[in-house]
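To start, the structure under review is shown below, and the notes come after it.
The values are calculated or read from the model by the stated rules, or taken from the named source; none is laboratory data. It should be emphasised that the depicted structure is a prediction, and the values quoted were computed from it without experimental measurement. Cβ sites come from the backbone with ideal geometry, for glycine too, and all protein chains shown count toward neighbours. Heads up: the accessible areas ignore ligands, DNA and RNA and are worked out on the full protein's heavy atoms, side chains in. Shrake-Rupley method; radii C 1.70, N 1.55, O 1.52, S 1.80 Å.
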Amino acid sequence: MSAPDATEMPGPTGRPDEIRAVPVRHPGRWVATVVILLFAASLIRSVTTNKHIEWQVVGQFLFDHRVLEGVLVTLELTAVAMAVGVVLGVALAITRLSPNPLVSGASWLYIWFFRGTPVLVQLLFWFNVSAIYPSISLGLPFVGVEFVHGSANTVITTFVAAVLGLGLNEGAYMAEIVRAGMISVGEGQTDAAQSLGMSRLQIMRRIVLPQAMRVIIPPTGNETISMLKTTSLVIVIALTPPELLGAVQNIYSVNFKPIQLLIVASIWYLAITSVLYVGQYYLERYYARGAARELALTPLQRIRMGLLSFRHSEVR
């Protein structure tokens, strides 16, 4: 922004002088910049010079085989729980929009229950479900056909309990995300598809869901990142083998270095979430192709353009 000089006195030829633009000063921005830089420098200096942190211990356990095994368990648990949540969420969203009041009511009741109770409580429930159901039997009721039958302690292991607790809870949230994406598609497109003789399932699969993905992907990416961090809650059910937080807890319970090992866990969580951020960015960019006139440049494209402009300036 710039403010023109208000005075326009006639020159020697009788014509007014050109307007001289005076740059508007922003002292507040410079003060804020200095404060932020001083705070950042103070924080970096405090962290790097604090002898009690013992960065050598952090480096020693960063790639320890127990920590790496915990990272793999965390990734596996995140992937399986999110897969359960996404599939269940799509099914619940479709039934939630069903014209059948019984079907839509059952979907609403599921979402109400699992969104209204903490995920930690659900994890503990599935871990202790054998107290009320000593044996598990899954099959067709009233006809005597059983697909799964056995002791609850055998069928519902700690990993299964973790997947059930995380996946069923996630399904309730994904249902609302998918439903929001579906209702964002104009009803006129559904009417046009019906006029062509398409069934409800065909309309969902070919018309609604492809367009709804533009709305569904961003919150789903956030839910995936949140799920990665929520897996740390399974520490309360003593998952075997342990996930990342459980692995570092087992280590610092022996060497009594809790802060150092928690820093190790934090570094791994930040590294994995950073990769997920990148994947989410490219997915959003992919599904935005039909909605935006011009796609935003990727980080690599920006770097290449910066290098090309720098070379052109050198040649000149």
How far, in degrees from 0 to 90, does helix 244-255 lean away from the longest principal axis of the Cα atoms of the chain, to the nearest 10? 90
Using the Cβ atoms and a cut-off under 11 Å, what net charge is assigned to the surroundings of residue 251, where Lys and Arg are +1 and Asp and Glu are -1? +1
I want to verify a result. In a Gaussian network model of the chain, Cα cutoff 10 Å, which of these has the top mean-square fluctuation: 64, 191, 17? 17
Acute angle (nearest 10 degrees) that the helix 258-287 long axis makes with the longest principal axis of the chain, alpha-carbon atoms: 80
Computed over all unlike Cα pairs, the Kirkwood hydrodynamic radius of segment 81-170 in Å stands at 14.5
With the dipole of the chain defined by +1 on each Lys or Arg Cβ and -1 on each Asp or Glu Cβ, the option from 152, 108, 44 whose Cα lies farthest towards the positive pole is 44
Chymotrypsin sites (Phe, Trp or Tyr not before Pro) within segment 53-84: which are DSSP loop residues with at most 14 other Cβ atoms inside 10 Å? 63
Roughly speaking, to the nearest percent, how much of segment 126-182's 1.4 Å accessible area is carbon and sulfur? 65
Among 251, 237, 303, which one shows the highest mean-square fluctuation when the chain is modelled as a Gaussian network with alpha-carbon springs under 10 Å? 303
Could you pull out the trypsin sites (Lys or Arg not before Pro) across segment 16-46 that fall in loop regions by DSSP (anything but H, G, I, E, B) with no more than 15 other Cβ atoms inside 10 Å? 20, 25
Loop only by DSSP, 10 or fewer other Cβ within 10 Å of the Cβ. Give me the chymotrypsin sites (Phe, Trp or Tyr not before Pro) in segment 79-187 that pass, ordered by residue number. 142
The chain: equivalent-ellipsoid semi-axes (sqrt of 5 x gyration tensor eigenvalues, Cα, Å): 50, 36, 17
So for the chain, taking the charge dipole from beta-carbon charges (+1 Lys/Arg, -1 Asp/Glu), which of 280, 262, 178 sits furthest toward the positive end? 280
What does the helix-only formula give at 222 nm for the chain: each DSSP H stretch with n ≥ 4 adding -39500 (n - 2.57), the total divided by the residues, and the result rounded to the nearest 500 deg cm²/dmol? -22000 deg cm²/dmol
Would you kindly state the longest site-free stretch of the chain, with sites defined as GluC sites (Glu not before Pro) in a DSSP loop (not H, G, I, E, B) surrounded by at most 14 other Cβ atoms within 10 Å? 55-293
